[in-house]
Structures are given as C-alpha cells and as structure tokens.
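Student: A single structure is presented below for examination.
The values are calculated or read from the model by the stated rules, or taken from the named source; none is laboratory data. It should be emphasised that the depicted structure is a prediction, and the values quoted were computed from it without experimental measurement. Ideal geometry is used to build each Cβ from the backbone, glycine not excepted, and the neighbour counts take in all protein chains shown. Protein only, heavy atoms only, side chains kept; ligands, DNA and RNA dropped before computing areas. Shrake-Rupley method; radii C 1.70, N 1.55, O 1.52, S 1.80 Å.
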Amino acid sequence: MEEIGVLMTTPMFSYLEDELEKRFKLFRLWKASSKDQLLNQISQSIRAVVGNTSIGADAALIDSLPNLEIVSTYSVGLDKIDLEKCRSRNIRVTNTPDVLTDDVADIAVGLALATLRKISSSDSFVRNRLWMNGDFHLTNKFSGKSVGIVGLGRIGSAIAKRVEAFGCQISYHSRSKKLHTPYKFYPDIVTLAAKSEILFISCSLTKETHHIVNRQVIDALGSNGILINIGRGQHVDEPELVSALIEGRLGGAGLDVFEDEPEVPELLLGLDNVVLLPHVGSDSIETCIAMADLVIDNLEAHFKNKPLLSPV
Ligand code: NAP
C-alpha cells in the first residue's frame, strides 16, 4: 500500500507517524511552508486524512481533496470533522472509541480528587518548604458526594463506575434516559446541576452541547459545587466560569480542556480553586499506542475492502 497517499494534518504521536510511514505514502501538512501549495501538488493522490482534536478535516480541506475516501481521526471526538460534508461525498469516517475510555475516566476522577483535596497546591506547599511554617489548610471530601454526569456515554459510564466505588450518589443528563442504569436521569441539566455537588462534563461536542454549561448551570451548581470538564472546552461558557470562580459563586473546577486551547484564560492561572491540565485525558503511552493502532487498522481495513473496525 506504499503508493496510497495519506495526509496527516498536524503532529500527533511519533509512533503513529512512523507506522503510517511504513505502510503509506505519508504527507505532513504542518511541515509545508505553504499549505495551499502542498495541497495543490498532492491533492489528486490523497485518499485518506488522519486528523485529531486540534486539526481534523473541515469542509475546505475535504473540498481540496477530490479523491478522498476516508477520514480516520486519532480521537473519539468528531467535532473537528465536517461529518455532513463526508456524508455528502460518501467519505468514510472512523474514530478511536473504547480504547481511551478508562484513561479519560481516570483523569476525570483524578481531577475531582485534586480539586477537592487540593493535591497540586499541597504538593507545591511541600516543594516550596512552606510546611516548616505550619500545616496546609483543610480541604473538602470527595467520597460520598452527589455526582452529576452530563453525557452518560462510554466515558460518562466509566466515570460513574469509578465514583460509585467512592460511595457517591450518581445522577445524569443525556439526550435519552438509559434503560439499564440505576442512576437518576434529569432531562434538564440545570436541575441536575442543582442536585449535584460535583458535575462531570463528558458529552460529545455538537451545536446543541456548545456552552451547555452556562451561567444558569454554574449558579445552580453553586458556591460549594465543583465542575469537572473532560469533554471539550466549548461545552463551557468560559468567561462565565472564570467570573463565577473569582466571585465565589462556584466552589472550584478541574479542567482538562479549554475553549481556545492551548490558550488558557490568564485569570484562571492565579486561582487556588482550580486544577488545570493540558488536554491529556487519553495521553498515556498504552492508550496512545492503542489509538494509533486503531487508526492504522481502520485504514488498512478500508484499503483491503474489509469491514472497518470503528466506523462512525
Ligand atoms: P459517547 O459514548 O458517544 O458519549 C457521548 C455522550 O454525549 C452520550 O451519552 C450522549 O447522550 C451525550 N450527548 C450527546 N449530545 C447531547 C446533548 N445534546 N445533551 C446531552 N448529552 C448529549 O462518547 P465518549 O466516548 O463517551 O466520549 C465523549 C466525549 O469525550 C468525546 O466526544 C470527546 O469530546 C471527549 N473526550 C475527551 C478526551 C480528553 O482527552 N479530554 C478524550 C476522549 C474524549 P445519549 O447517550 O443520550 O446519546
């Protein structure tokens, strides 16, 4: 398959790049001094695009590739792919579900623990030798809290399974009520937030879930409430979140994702009631290898006319 042209949109994981290079004629969009010029030169030969959560396949890219057959994203989220355009052109789409679920759920729970128990600031306290001057201040308990989950999909369900072991009472909001869960369903996210001490955001990003966490939801969660976002930054109205944290209308936040990554609002950096991660939910070596293998297996299946492993 060395002659099949595959376009990678942005640097991802070197293992994925190396393995793609072994199998396909690989083009790296980010290495071109002029992207338009590169696309003009190679457009006829590209049959697959590999994108991720920062650069996927938008309408302009898809339009520039007349022989594109498949978009294989190195992510489970599909928000950077123009799915309608793919459908209209009969371009197949694959993603990397399941293999990253455990890691993202682990990070979600880690963020909740770190935010409530102030793990990052107590670590800094020891490193900065402040312990010599007295004990660290008291923090808040995680076990037993009421937890709301927005998006009880693969990752949301894995978060639920984990927090159940912490004795938390679990409720959720999704598009639909799930038949086989013991958790309480709220068709309205504001009511869910009002009933929760910790609100986890784990839904997919769509037009409907853009800013699903607005001022009303933040105020319903309240001054003792904690928001954990491992979905996408655009789920949360970030200026509203920042002012609620500063004004004490929200207790704290653990954030793996931001509206304008890698930009993070300056005001968040000075707050002690937040834990900030650089979008690393699925970034363990083991999971990244599994995601890369799934991207490659999907491409190979497509070009060998076999069933796709994880079609969208
Ligand atoms: P999934 O199984 O498809 O779950 C998505 C959930 O979102 C479903 O429960 C769905 O509800 C819910 N949802 C969709 N539209 C909604 C709406 N309008 N209102 C309320 N809920 C809605 O996907 P997943 O594998 O769990 O992944 C979820 C998301 O996590 C991804 O899309 C991605 O953005 C994010 N993610 C982040 C990281 C990271 O590194 N931080 C890593 C991986 C994934 P229904 O069940 O009712 O349809």
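Student: Which condition breaks for I70 when tested against (1) within 30 Å of Q41 (Cα to Cα); (2) within 16 Å of the ligand (Cβ to nearest atom)?
Tutor: Status for I70: all satisfied but (2).
Student: Of (1) open to solvent by 10 Å² or more (accessible area, probe 1.4 Å); (2) farther than 30 Å from L68 by Cα, L111 satisfies all except one. Which?
Tutor: (1)
Student: Can you tell me how many residues in the stretch 171-208 are within 9 Å of the ligand (Cβ to nearest atom), open to solvent by less than 80 Å² (accessible area, probe 1.4 Å) and either without any contact (Cβ under 8 Å) to a residue 24 or more places away in the chain or closer than 15 Å to G156 by Cα (or both)?
Tutor: Total satisfying the criteria: 11.
Student: Follow-up. Among G134, G153, G110, which is the only one that is of a type outside the set (A, V, I, L, M, F, W, C), more than 28 Å from G77 (Cα to Cα) and out of contact with any helix residue (DSSP H, G or I) (no Cβ under 7 Å at 6 or more places or on another chain)?
Tutor: None of the other options fit; the residue is G134.
Student: Of these, L267, L221, which one is farther than 20 Å from S121 by Cα, more than 21 Å from the chain's Cα centre (by Cα), assigned by TED's automatic domain parsing to the domain that holds I159 and not acidic (D, E)?
Tutor: The unique qualifying residue is L221.
Student: Let me ask something else. Looking only at the stretch 117-141, count how many residues are under 23 Å from the mean Cα position of the chain (by Cα) and either in a loop (DSSP other than H, G, I, E, B) or within 16 Å of the ligand (Cβ to nearest atom) (or both).
Tutor: Number satisfying all stated conditions: 1.
Student: If you take the residues in the stretch 77-89 that are open to solvent by less than 30 Å² (accessible area, probe 1.4 Å) and either in contact with a Ser or Thr (Cβ under 7 Å, 6 or more places away or on another chain) or hydroxyl-bearing (S, T, Y) (or both), which one is farthest from the ligand (Cβ to nearest atom)?
Tutor: Of everything passing the filter in the stretch 77-89, I81 is farthest from the ligand (Cβ to nearest atom).
Student: May I pose another question? So how many residues does the stretch 154-179 have that are part of a strand (DSSP E or B) and in contact with a Phe, Trp or Tyr (Cβ under 7 Å, 6 or more places away or on another chain)?
Tutor: So the answer is 4.
Student: Would you check if there is a residue in the stretch 225-240 being in contact with a Gly (Cβ under 6 Å, 6 or more places away or on another chain), without any contact (Cβ under 8 Å) to a residue 60 or more places away in the chain and away from the ligand (no atom under 16 Å from the Cβ)?
Tutor: yes
Student: When P262 is evaluated against the numbered criteria (1) farther than 28 Å from T139 by Cα; (2) away from the ligand (no atom under 15 Å from the Cβ); (3) open to solvent by 40 Å² or more (accessible area, probe 1.4 Å), which criterion, by number, is the only one it fails?
Tutor: (2)
Student: At least 3 residues that are open to solvent by 20 Å² or more (accessible area, probe 1.4 Å) and free of Cβ contacts under 8 Å to residues at least 24 places away in the same chain in each: list the helices (runs of 4 or more DSSP H) lying fully within the stretch 1-64 that qualify.
Tutor: Helices (runs of 4 or more DSSP H) meeting the threshold: 14-23, 35-42.
Student: Does the stretch 209-226 hold any residues that are among the hydrophobic types (A, V, I, L, M, F, W, C) and either open to solvent by 20 Å² or more (accessible area, probe 1.4 Å) or within 14 Å of S146 (Cβ to Cβ) (or both), and which are they?
Tutor: Passing the criteria: I212, A220, L221, I226.
Student: OK, next. Can you find, within the stretch 90-108, the residue that is nearest to the ligand (Cβ to nearest atom) among those that are open to solvent by 40 Å² or more (accessible area, probe 1.4 Å) and part of a loop (DSSP other than H, G, I, E, B)?
Tutor: Filtering the stretch 90-108 for residues that are open to solvent by 40 Å² or more (accessible area, probe 1.4 Å) and part of a loop (DSSP other than H, G, I, E, B), the one nearest to the ligand (Cβ to nearest atom) comes out as D98.
Student: Among the residues of the stretch 65-76, how many are out of contact with any strand residue (DSSP E or B) (no Cβ under 7 Å at 6 or more places or on another chain) and open to solvent by 20 Å² or more (accessible area, probe 1.4 Å)?
Tutor: The total comes to 2.
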